[in-house]
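A.B. asks: Handing you a structure now.
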Amino acid sequence: MDGYSLPLIVITLAAAIVNGALGYGFSSITVPLALLFLTNRVLNPALVPIEVALNAYMLWVNRAGLPSVWRRVLPIVIGLAPGVLLGTMFVSSVNPSWLKFYTFCMLLPLIFFQAAGYRRPIKAEKPIGLVFGGGVGVLYSVTTISGPPLAVMLSNQGLTKRDFRSALGFIRLAESSFTAVAYGYAGLFSLQSMALIPYILPSIVIGVPIGAWLIHQVRPETFRRVCMSFDAWVVGFGISTLLKDLHLVDSNLAYLTLVGVGILDSWLLYRFFTIQLPEVKRVEGIRVASVAPQAR
């Protein structure tokens, strides 16, 4: 085994468990960690074909909600195509170290935006969906990550759990399929990338069912929030390391970024467990109490 094979197996197993639990998160966990020892140009083409199959499976499992949501999310899907083409051009031409840096810088605000639990429904869904889809297409084709912004958008629009998973599966299958075609046309599928797939597939086969079981034992919002906290620390470490590697900061002051991420994430975690989670429990208690008399 190569030096990166065992870490890659462990990382993708943990990521597959998260994906099985939440319906997304495979790339959100895999990419920040794997980019510490691989480049986007090697990692992305290995992940995209796997994500096509994984997203097709997730959509099939949650297909019951598709008839009620596909029209609402179609503008996002249409907007994906030009974004994917632009992102593929970046992957093909940008220096790998700088691409890692750009990737981490794009991910960090998305992680914190979702962690903050911001919600504000958007009325103009179609025009906003087209623009949002373009941005997600660029993000996905550069990083293979789209779960955090999609989760924010779909939750923000008030989709139920069933509709949320159906919409997410539909959009993610489209974006991964578009990206696979774009990567193939750009010649990004290399032997080095394909050699990673045998180490990743067993993790998915084992991890996804574990995640599907685990989510019934843990409160989904708590599980999601802990995963985002982990991502934030990894991305913060990646940015700090690259600040030194790219000679943007030629001292250990580069790690002040990691310190800042840690402070902000710790505050958001405190806020979640002391304010947001108790409020969720209170609302759930009211719902249970109102349903109980009707059940009698």
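A.B. asks: With springs connecting C-alpha atoms under 10 Å apart, model the chain as a Gaussian network and identify which of 243, 253, 80 has the largest mean-square fluctuation.
C.D. replies: Of 243, 253, 80, the most mobile in the Gaussian network model is 253.
A.B. asks: Round to the nearest 10 and report in Å² the accessible area of residue 126, as given by a 1.4 Å probe over the protein chains' heavy atoms.
C.D. replies: Ignoring ligands and nucleic acids, residue 126 comes out at about 140 Å².
A.B. asks: A further question on this structure: Pulled fully out, how much extra length does the chain show between residue 249 and residue 68, if you take 0.36 nm times their separation in residues and subtract their Cα-Cα distance? Show your work: numbers first, answer last.
C.D. replies: Numbers: separation 181, 0.36 × 181 = 65.16 nm, distance 5.05 nm.
Contour length minus the Cα-Cα distance gives 60.1 nm.
A.B. asks: Compute the whole-percent fraction of alpha carbon pairs in the stretch 120-278 spaced more than 22 Å apart. The partial results should precede the final answer.
C.D. replies: Numbers: 7673 of 12561 pairs.
Above the 22 Å cut-off, the stretch 120-278 has 61 percent of its Cα pairs.
A.B. asks: Taking only Cα atoms and a 10 Å spring cutoff, compute GNM fluctuations for the chain and point out the largest among 164, 178, 230.
C.D. replies: So, out of 164, 178, 230, the one fluctuating most is 230.
A.B. asks: Select from the chain the helices, each a whole stretch of DSSP H, whose alpha-carbon atoms run 24 Å or more along the helix axis and whose Kyte-Doolittle mean is at least 1.6; answer none if there are none. Don't skip to the answer; put the middle values down first.
C.D. replies: Numbers: long enough: 5-22 (25 Å, 2.07); 40-61 (31 Å, 0.90); 66-93 (40 Å, 1.30); 96-115 (28 Å, 1.14); 125-143 (25 Å, 0.94); 161-186 (37 Å, 0.11); 197-214 (25 Å, 1.76); 220-245 (37 Å, 0.37); 277-295 (27 Å, 0.14).
Helices meeting the criterion: 5-22, 197-214.
A.B. asks: In whole percent, what relative contact order does the stretch 10-126 give with Cα contacts below 8 Å and a gap of six or more residues? Each step should come with its number before you reach the end.
C.D. replies: Working: 43 pairs, mean separation 29.5, N = 117.
Relative contact order, the stretch 10-126: 25 percent.
A.B. asks: Estimate the FRET efficiency between residue 60 and residue 269 by the formula 1/(1 + (r/R0)^6), using the beta-carbon distance for r and 30 Å for R0, to the nearest 0.05.
C.D. replies: Numbers: r = 35 Å, r/R0 = 1.16.
So the FRET efficiency works out to roughly 0.30.
A.B. asks: Right, something else. For the chain, what does the helix formula give at 222 nm: sum of -39500 (n - 2.57) over DSSP H segments with n ≥ 4, over the residue count, nearest 500 deg cm²/dmol? Please list the in-between numbers first.
C.D. replies: Working: 13 runs with 235 residues, N = 296.
Estimated from H runs of four or more residues: -27000 deg cm²/dmol.
A.B. asks: Moving on to the next point. How many nm is it between the label spots at residue 36 and residue 210, if each spot is 7 Å from the Cα in line with the beta carbon?
C.D. replies: Distance between the two pseudo-spin positions: 1.8 nm.
The values are calculated or read from the model by the stated rules, or taken from the named source; none is laboratory data. Please read these numbers as outputs of a predicted model, since none were measured by experiment. Heads up, the Cβs are rebuilt from the backbone with ideal geometry, glycines too, and the neighbour counts pull from every protein chain shown. Each accessible area value is taken on the protein alone, full model and side chains, heavy atoms only, with ligands, DNA and RNA left out. Shrake-Rupley method; radii C 1.70, N 1.55, O 1.52, S 1.80 Å.
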